[in-house]
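The values are calculated or read from the model by the stated rules, or taken from the named source; none is laboratory data. This structure is a prediction, so every number in the text was calculated from the model and none was measured. Cβ coordinates were reconstructed from backbone atoms using ideal geometry, including for glycine residues, and neighbour counts include every protein chain displayed.
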């Protein structure tokens, strides 16, 4: 029976490409991090970079101190931060797409990232950000938390204690729109001062320029903890794909899972936006593309999304730094510019395959 | 014999609207019971109460002696499986992955599938005639094929009590009969029992031991098909003029003839 053989062949092809992606994930991560620390306007070879790192880690002074500074204090924290932020945003997208059973869900949908943006913009506008390094991330985190809690409290109130998925989505979208309009308003009144206005616009584009170890220490742990919370719900997210009733049937406490996933995602997104601005497209595209290749089981999809999102943002940041060097393009522009065609190509190809199948 | 599942005076409603009033029945091992009644009478609601998704406002649901409210979700899931009426049409999983989700109540948090789980999935796929579809994405299957895969998920759960909400809606004739034969065989073997919400009274009469007839929020009948399916009952509950005939094995079947004019 040819159809069955075709099925089997297609299934094994699909499995093979899934395994290839899984096997390539870690080498790709290492490769992109190495590239990010060696590529840049200051020419430093891989060997020199390793030597500089060795000096730094062993405590012996480097005869070429500037190399050590560039590698250790500029490129490495920036690359690692990009990786953690990209990974976190992709994990958040994977979790939300699963939770809402909607491929269009992304970290913006709960109002978390837009709330974070508003908090950060207020910190810049109020002048706090100019006075203390931590003020901007703190404002951003506060904005994320306030919006996430508000979304949740309203959804729980409407459901008389139970939180329904559709309600969560609608309230998230509404509060997100509110945060965006407030942000735009703050931006419009801040345009009187060229400096503040420019800073806000730049921050809103999302970027990794000038990020240091402090940013990594500030945002990294929260992103990792939030991602771990999401990963711990992998099987529950799988079951939720069946619909809430069937998920209940297989023993899932749907309300509890929803709370945990939303809290985990809020932590990830709040922290990521706090340190890198609202880098768009990662949370939408990376998990979506990976799901097409490796399937929707979250135990595989969530960790791969972390690595995939990390690789994607670090690679985009390499472009951002080198394409128009010494000028920099905000990495959020590059992620959108790279992400859109890849996303559309995959979408069209898959639709075509589905039609001819 | 103790019952696998029992509803004891179950009453449920939303503020200002009572849905079910004082519903009591028991389900014993080996039984296949049909749940019938007009649209919107609360069949799906009753099934949700039986799996503990809603808590009754009065009365209780007992699962082998324990009250449903005192059990954790996973414990309930090892003893009751529910096949909902509708399933998402765009499930991004293969048929096998879908069926394997039925094993979740038996697996620890990060425990990998054991041979017993793989065997249960294979058995459920084979029983529902979906083994050949196992590696196909659910999005590429027809509605009927998808439905059988979801039935396989419920079977793979290996719960003693199966609750099925309209499991034959959308299936062609042969798969309707196969699905009910399968349920009959499933409850016949192990110490299992099933409640099946059915619109087709003739199918219910042919395969089920008893019919639970819901009308106006209350249980109007809980008896063997021949006792429930009378022209008078059909007129009173469904508002139709109908003939009840007997097939060659003497089982009743229903021929609906015309809707009755609405009473005053």
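Each residue in segment B:101-122 was checked for being under 16 Å from residue A:295 (Cβ atoms) and surrounded by fewer than 23 Cβ atoms within 10 Å (Cβ to Cβ), and 1 pass. None of A:190, A:140 is in contact (Cβ under 8 Å) with a residue 40 or more places away in the chain and farther than 18 Å from residue A:274 by Cα except A:190. Scanning segment B:76-89 turns up no residue that is part of a helix (DSSP H, G or I) and free of Cβ contacts under 8 Å to residues at least 24 places away in the same chain. For residue A:321, are the conditions met, namely being in a helix (DSSP H, G or I), away from every other protein chain (no Cβ under 14 Å) and farther than 30 Å from residue B:91 by Cβ? Considered against the rule, which asks whether it is in a helix (DSSP H, G or I), away from every other protein chain (no Cβ under 14 Å) and farther than 30 Å from residue B:91 by Cβ, residue A:321 comes out as yes. At least 1 residues being under 27 Å from residue A:71 (Cβ atoms) and either at pLDDT 85 or above or out of contact with any strand residue (DSSP E or B) (no Cβ under 7 Å at 6 or more places or on another chain) (or both) is the threshold, and among the helices (runs of 4 or more DSSP H) wholly inside segment A:130-234 those reaching it are A:135-158, A:194-205, A:213-231. The number of residues in segment B:46-87 that are within 11 Å of chain A (Cβ to nearest Cβ), at pLDDT below 90 and out of contact with any helix residue (DSSP H, G or I) (no Cβ under 9 Å at 6 or more places or on another chain) comes to 0.
For segment B:101-120, the criterion of being more than 8 Å from chain A (Cβ to nearest Cβ), more than 22 Å from residue B:187 (Cα to Cα) and part of a helix (DSSP H, G or I) is met by at least one residue.
When residue A:304 is tested against (1) within 14 Å of another protein chain (Cβ to nearest Cβ); (2) within 15 Å of residue A:98 (Cα to Cα); (3) modelled with pLDDT of 85 or more, exactly one condition is not met: (1). Checking each residue in segment A:244-259 for being within 13 Å of chain B (Cβ to nearest Cβ) and either in a helix (DSSP H, G or I) or touching a residue at least 60 places away in the same chain (Cβ under 8 Å) (or both) picks out A:244, A:245, A:246, A:247, A:248, A:249, A:254, A:255, A:256, A:257. A search for C-beta distances below 9 Å between a residue of segment A:40-65 that is free of Cβ contacts under 8 Å to residues at least 12 places away in the same chain and any residue that is exposed (fewer than 11 other Cβ atoms within 10 Å of the Cβ), counting only pairs 6+ apart in sequence or on different chains, returns A:54/A:60.
Search segment B:131-149 for residues being within 12 Å of chain A (Cβ to nearest Cβ) and either under 18 Å from the mean Cα position of the chain (by Cα) or touching a residue at least 60 places away in the same chain (Cβ under 8 Å) (or both), and hand back the single one that is surrounded by the fewest Cβ atoms within 10 Å (Cβ to Cβ). The qualifying residue surrounded by the fewest Cβ atoms within 10 Å (Cβ to Cβ) is B:146. Of all residues in segment B:160-201, those satisfying the criterion of being part of a helix (DSSP H, G or I) and within 17 Å of residue A:249 (Cβ to Cβ) are B:183, B:186.
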